[in-house]
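Let me begin by presenting the structure, written as structure tokens, before commenting on it.
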Amino acid sequence: MASSLSVRRAHAVVAIVSWLSVLLVAIVSAADGFAARTVVEGNLFGTHTSGIAGAPGRIGDTFSYFTVWSNVVVAVAFTLLALRPGVDSLLHRVLLLDALLMITITTIVYWAMLAANDTWQGWSVITSPLQHLVVGVLAVGVWATYGPRGWLSFRLLPWALVVPLIWIVWTLLRGRVIDAYPYDFTDVSTLGYARVATTLAAILAIGLLIAAIYCRIDRALERRSPKRA
């Protein structure tokens with residue numbers, strides 16, 4: 001069984017990489033590092049003025065992507081695991097389940113729906129795989145290897161949708177104000193609310209299934225783990 005120090009170090013690595021990914025995209029976005037883009041189609045993010053004048057809008061867009069939300073939740077959850085390993089609360093458990101759920105959705109949706117139309121250029125050659133693959137593999141791998149065990153249960157499933165639902169509300173409200181959306185499937189101006197709602201409902205349903213699978217895996221791993229003294 002891994003020592004408590006090695007467990008904390010593993011959790012710290014996930015937290016550091018996650019915070020690094022968020023910090024990097026924020027800096028690059030503020031500095032207009034993604035300026036060499038293709039023409040934006042539909043009502044999607046990416047039409048801000050270059051330079052300092054467009055920095056607030058670009059940063060607002062950056063922190064409105066589900067990908068960034070997912071990386072932030074992973075960073076917060078694993079930071080708490082690294083700094084306060086002995087604390088077991090509802091908040092900590094929900095954050096852990098949300099971290100695994102959201103980063104898994106991010107990875108699946110990106111590679112299944114968005115990657116084919118995404119042209120990596122400039123800093124995105126680093127930031128895109130970091131946020132859409134590396135953080136997810138690290139988070140799930142470290143959790144599966146080091147735990148904590150016994151934290152995830154089916155009772156948490158309703159709570160696991162709180163942060164994704166907040167993101168949906170934020171996306172639709174902000175989109176209505178600025179008439180721009182983070183992803184093709186959230187573009188209400190082009191697709192209409194009914195079609196967007198159907199897609200988001202399907203993603204939430206898949207998210208619930210993913211969360212349930214993680215709860216089941218946690219239970220199985222807990223049974224296989226050595227009993228604590």
Original post:
Residues with amide H under 5 Å of Leu44's amide H, sequence separation 5 or more or different chain, H placed in the peptide plane at 1.01 Å from N; which?
Top reply: Tyr181
Subject >> Dipole magnitude of the chain, debye to nearest 20 (Cβ charges: Lys/Arg +1, Asp/Glu -1, about Cα centre) >> reply: 1120 debye
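Rolling a 1.4 angstrom probe over the protein heavy atoms, how many square angstrom per residue are accessible across the chain? Let's see the in-between values first.
Details: 11880 Å² over 229 residues.
The answer is 52 Å² per residue.
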**OP:** Calculate what fraction, in whole %, of the accessible area of the chain sits on carbon and sulfur atoms when a 1.4 Å probe is rolled over the protein chains.
**Re:** 68 percent
Subject >> Two-decimal Rg/Rh across the stretch 171-226, once Rg and the Kirkwood Rh are taken from alpha-carbon atoms >> reply: 1.30
Subject >> Taking the convex hull of Cα positions in the chain, its mean projected area over all directions (nm²) >> reply: 12.8 nm²
Original post:
Taking a 1.4 Å probe, which of Leu23, Leu83, Leu96, Leu221 shows the most accessible area, and what order do the others take after it?
Top reply: Leu83, Leu23, Leu221, Leu96
Subject >> Residue-averaged 222 nm ellipticity for the chain, from DSSP H runs of 4+ at -39500 (n - 2.57), nearest 500 >> reply: -21000 deg cm²/dmol
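The values are calculated or read from the model by the stated rules, or taken from the named source; none is laboratory data. Keep in mind that what you see is a predicted model, and the values were worked out from it rather than measured. Cβ coordinates were reconstructed from backbone atoms using ideal geometry, including for glycine residues, and neighbour counts include every protein chain displayed. The protein model used for the area step is the full one, side chains on, heavy atoms only, and it has no ligands, DNA or RNA in it. Shrake-Rupley method; radii C 1.70, N 1.55, O 1.52, S 1.80 Å.
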